[in-house]
Structures are given as structure tokens and as C-alpha cells.
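**Q** Attaching a single structure in C-alpha cells format; questions to follow.
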Amino acid sequence: MPISHHTAFARTEAFCQAYDLRVPILLAPMAGACPASLSIAVANAGGLGACGALLLKPAAIAKWVSEVRAATNGGFQINLWIPDPPPTRDETVEAAVRGFLGRWGPAVEAAAGDVAPMDFAAQCEALLQAGPAVISSIMGVYPAEFVSRMKSRGIRWFAAVTTVQEALEAEAAGADAVVAQGMEAGGHRGAFEAARAEASMVGLFSLLPAVVDAVQIPVIATGGIADGRGVAAALILGASAVQIGTGLLRTPEAKLQPVWADAISRSRPEATLVSRAFSGRAGRSVATAYARAAAAPGAPPPAPYPVQRALTQPMRDAASRAGDIDRMQAWCGQSGALAQARPAADLVRDLWQDARAMLR
């Protein structure tokens, strides 16, 4: 066995031992797509479950945690976005967006963009009360005071990063591991600076080894990993574990709408795009009719996050009720076609078994 394979196994074994895992596979914390059932299945297979808590109030976070703990002794991470500065509002831009959206769904009221942000401090308190194995972040780093409180309770911190510089910032801020998010990943890009999310898109095969070489803490790879080949390749490139999102969305435990799951199964890498058209933050989705139209010349520029998210809510709700994929927020990574419609526990176990066989 080549020395690189020995090293890969040593890294994953050390990581699994540190986090009480049997397999180095983590569920990605996807806001709105992480039902307790999916984390229960992943954790019972030996991986790490996840909750994307961005849109959850403290009571909902506690409910999710209670449901997971009632069905598994396995660990999980809970993730929050680091808040952006308050958005700069522009009535002219918002009026143009409302007019555009009115052609795709219900009329959007003028006050629709007046959305109050989630109470980040209250969410953070809820995370500490929940006491998960890991608290993770995206879009930046937690304040030093919160990191200190987290560590005093024995909770580890995983920070999602999209560049080497972000990885270094996260390490300096006290992160226990960084999640290197390649541009292939579905959903929102985790760039610390929203304005640079598209300008600093780096593929996982370039980002991962560069981050591994730059930091002294474990690196978790995510973005475009959906089969044993991807797992093995990430470990060879220096990852201590992998995190999978889109690759688990077709499992029955994900409870995804059938039309969305079907779109994932048919998505070639070039059939996805990165757009701000749904939320105001850059994210990768299926290249639906709305997403393409919103990116076409002449379409109004999106409002900033979270104003754009609020403006598109009526359209997205109507699309969800109608099962209309062309107007849905159908997040999808570039390896979506590799996602399998199988029980999540079986899939996690087989992904690791396949990767081990390749590494041997």
C-alpha cells in the first residue's frame, strides 16, 4: 500500500476517534433540508448528523435535538450563519424585483422585503443549551466570547471556508477543524464576504490540498462528493473526513419533494448554476427556468440577503405547493446525478466501504 494510503487511513482513524465516529462521513447542515430522520440515519450508520439551524428559533432547535437524541446515541453538528451587516435597501431595485417575480408567481407586496433578522444571540444560546458534539459556522467566524463559552462546555467548532485565507482566519479564531467547501457544492456558498462569493470560486481539488498545507487542524472536504471515488480522492488529498449534502438528498430519510429529488437525479454538472436570485446570497441550484431567466440580460439585479429571500418567498411557496420545479429553490451540487435513492444508513456504510476498497 502506498504511503499516502497509510497516511489517509491514519488521519481518518484519528478523526473518527476524536469525534466518536465509525465512518468519516458527515451530513452537511442544510437549512430547510435536514430533517431529524436524516441525521438519525447517518448517525446510526456511524457518521455525524447535522442541523442547518439558520431559520430555526430556539424552541425549534430544541425540538430537533430532542427528536434526534430519542432515536440515536450518535453525534451531530448544529450550524448557524454568521450574520451579514444590515442590508442596504434600494426601493427602485426592490420594485423591479417585485415586478419580475410577479411574472413567476403571486404578486409581491411592497412591504414583503421588510423582514426581521433571526435573533442570532438567542440561537447561539439555544446551541449551547443543546450541547451538540459540534457547533459549526458558515459565512464567517463566531465572536471570541461565544467560542470561549463553546469550548468551556467541551463543544468543538467546525468552520466552513471557501479559500485558504478564510481557513487561516478560522484557525486563528479557534476552530477545531475547517470544512473546505469547493465551488461544486450545492446550496449557499460559505464565503466570509458576500460580495466575493462568485469572484473566489475554487474547485475542491485545488482548494483542499492548499488548505491542508496551510493549517494545522483537521480539514473536512465538501462539494461534489457523492460516491466512494469522491470520498477516496478527498482523503488522498489530505482530508480527515468528508461532508456530503446533495449526495444524501435522494434518500427517503431526507423527505425531499419528489420533483426536486428527480431533478437532482437528472442534473449533469453543467446543468447547475450559482445565482443570487433566490436569497440574495450566492448559491448553487438546478438551472431551472426561473434561475436562468433571473441570470439573463435585462433581468433586475437581486436585492441583498435576506431581502431577496423574503421577496421570492411567495413564488417559492406557490411552486412548492404545485410541485413546479421551474420556480422552486432546488439547491443541487455539481455531482447530483451520483446521488442515490437508497436508505441513508446503507448509503453511508457503502460509501465508506467503497472508499476503503479503493484506498487499499
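Taken together, the values in this text are just the output of simple stated rules run on the coordinates, not laboratory data. Every value quoted in this text rests on a predicted model; they were computed, and no experiment measured them. Backbone-built Cβ (ideal geometry, glycine too); neighbour counts: all protein chains shown.
**Q** With springs connecting C-alpha atoms under 10 Å apart, model the chain as a Gaussian network and identify which of ASP262, ASP90, ASP227 has the largest mean-square fluctuation.
**A** With Cα springs under 10 Å in the chain, the top fluctuation among ASP262, ASP90, ASP227 is at ASP90.
**Q** Here's a follow-up. Round to the nearest 10 and give me the degree value, 0 to 90, for the angle of helix 344-359's Cα axis relative to the longest principal axis of the chain.
**A** Orientation of helix 344-359: about 50 degrees from the principal axis.
**Q** So what is the relative contact order for the range 3-359, in percent, with contacts set as C-alpha pairs under 8 Å and at least six apart?
**A** Normalised by residue count, the contact order of the range 3-359 is 20 percent.
**Q** Now for a different question. Which one of ALA271, SER137, ALA214 has its Cα pushed farthest toward the positive end of the charge dipole of the chain, where Lys and Arg give +1 and Asp and Glu give -1 at the Cβ?
**A** Sorting the options by dipole projection puts first ALA271.
**Q** Using Cβ counts within 10 Å as a stand-in for footprinting exposure, how do MET201, MET30 rank, fewest first?
**A** So the residues, fewest neighbours to most, are MET201, MET30.
**Q** Take the Cβ-Cβ distance between GLU13 and SER152 as r, set R0 to 35 Å, and report the resulting FRET efficiency rounded to the nearest 0.05.
**A** Efficiency computed from Cβ-Cβ geometry: 0.80.
**Q** Report the gain in length on full extension from ASP20 to ALA295: 0.36 nm times residue separation, minus Cα-Cα distance, nm rounded to one decimal.
**A** 94.6 nm
**Q** Turning to a different aspect of this structure: What is the spin-label model distance, in nm, from LYS63 to ASP119 if the labels are put 7 Å beyond Cα along the C-beta direction?
**A** Modelled inter-label distance: 1.6 nm.
**Q** Here's a follow-up. Any idea what the dipole of the chain comes to, in debye rounded to 20, about its Cα centre with Lys/Arg Cβ at +1 and Asp/Glu Cβ at -1? Don't jump to the answer; show the numbers that get you there.
**A** On the way: 31 positive and 30 negative charges, 128 e Å.
About 620 debye.
**Q** Moving on to the next point. Write down Rg/Rh for the range 95-185, rounded to two decimals, with Rg from the C-alpha atoms and Rh from the Kirkwood relation over Cα pairs.
**A** My calculation of the ratio gives 1.16.
**Q** Does anything in the range 177-191 have its amide N under 18 Å from the 7 Å Cα→Cβ label point of ALA214, and if so which residues?
**A** Within reach of a label on ALA214: 177-185, 189-191.
**Q** Tell me the mean residue ellipticity at 222 nm calculated for the chain from its helices only (DSSP H runs of n ≥ 4, each -39500 (n - 2.57), averaged over every residue, nearest 500).
**A** -12000 deg cm²/dmol
**Q** Which of the following values of percent of Cα pairs over 34 Å apart was calculated from the structure shown: (i) 45; (ii) 21; (iii) 31?
**A** The calculated read-out lines up with (ii).
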